1. Quick one: A:70, B:117, fewest Cβ neighbours within 10 Å first, how do they rank?
2. Just rank B:102, A:136, A:97, fewest to most, by other beta-carbon atoms within 10 angstrom.
3. For labels at residue B:128 and residue B:112 in the simple 7 Å Cα→Cβ model, what's the distance in nm?
4. Provide B:90, B:113 in ascending order of the number of other Cβ atoms located within 10 Å of each residue's Cβ, fewest first.
5. Go ahead and run the numbers for FRET between residue A:51 and residue B:199, Cβ-Cβ distance against an R0 of 51 Å, rounding to 0.05.
6. How many partner chain Cβ atoms sit within 10 Å of a residue's Cβ in peptide B:194-201, on average, as a whole number?
7. Once you average over the residues of B:144-152, how many Cβ atoms of partner chains fall within 10 Å of each Cβ?
8. Express the relative contact order of segment B:59-250 as a whole percentage, based on alpha carbon pairs under 8 Å and six or more residues apart in sequence.
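What follows draws every value from the coordinates through simple rules; no lab data is involved. Because the structure is predicted, anything quoted here is derived from the model rather than measured. Backbone-built Cβ (ideal geometry, glycine too); neighbour counts: all protein chains shown.
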């Protein structure tokens, strides 16, 4: 049977010098790492998130959107493709239509531009977006006409 | 006997659908106090954005090849424009969602031209063979590829008797916002699902100067397409496969 003592992280007996050295070197290492990671973070510009042009409030609360936008997008995507539910609220199109960034000639910038709304945070967090391999990343597109007879 | 049963079942289904539509639109018309007949029908047909596609509906085409004019490819151009289907100078692999086919009777020399696109089968072979479930049929009969789960294996292209599907070999840019397309996935005619959901007709049907392509709800006995299908002869291409197609042709 296992002894109770070995279950504790820190042993209850007095430490030998060698053990002490090992333990303190680990703690010092961790502190140094933290220091460097903080200074590195200070060097990377914090994302400058483009404001929505339509209003001040996103379709959901900002904190919720930061954590869950991908879930909303996936859900909406399946509903739209498979069932034809075409509500705009949680659509990908709505993201870059509201938070449109205009570049030269007052034209909206595509996802190739680092100022694009989605890229601002995704570059910072180093999370790759696959959406725009197929989807357009700018609002607009030709308006179609023709009513059903 | 079984045909009679089928017919009564169909009638009952259509009646149910009509009652539902009439009930809904009557309430709307009552609330808005509008009596216009035209407006009435347009309300009855429009699908609200939040409502899923209904299995009571079966969208389809009735194509009259007698009206199809030689050297006209306006339906093809309209489709290419609608989805920005640009070629890469490689006709073997460039996307073709709709193409014109010329048939020649060897005995008589008589030629027939027809536009050929995804036939939106009720029993689609492409859906049967898809290993990931990316190829699927919507409740309203539109056969689509969910490119989010398509792995580009191209089994569906092999299975399709109409060669209706294309594979994207190149990196695509300038997609339309309603028509995402991407390298490594299979694509085909979507029956302009983005338009249909917004109560508009597909681009090819809209572009046809001869009105050879008629779009409508085949299940709605009151629609033009159903009435013409009932009163005029029409046929399926490779009807022997018994796939119950959503596209029917006249004059072939």
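1. With the fewest neighbours first, A:70, B:117 line up as A:70, B:117.
2. B:102, A:97, A:136
3. Inter-label distance under the simple model: 2.5 nm.
4. Fewest-to-most Cβ neighbours within 10 Å comes out as B:90, B:113.
5. Calculated value: 0.90.
6. Across B:194-201, the average partner-chain Cβ count within 10 Å equals 4.
7. For peptide B:144-152, the averaged partner shielding equals 2.
8. Dividing the mean separation by the residue count of segment B:59-250 yields 30 percent.
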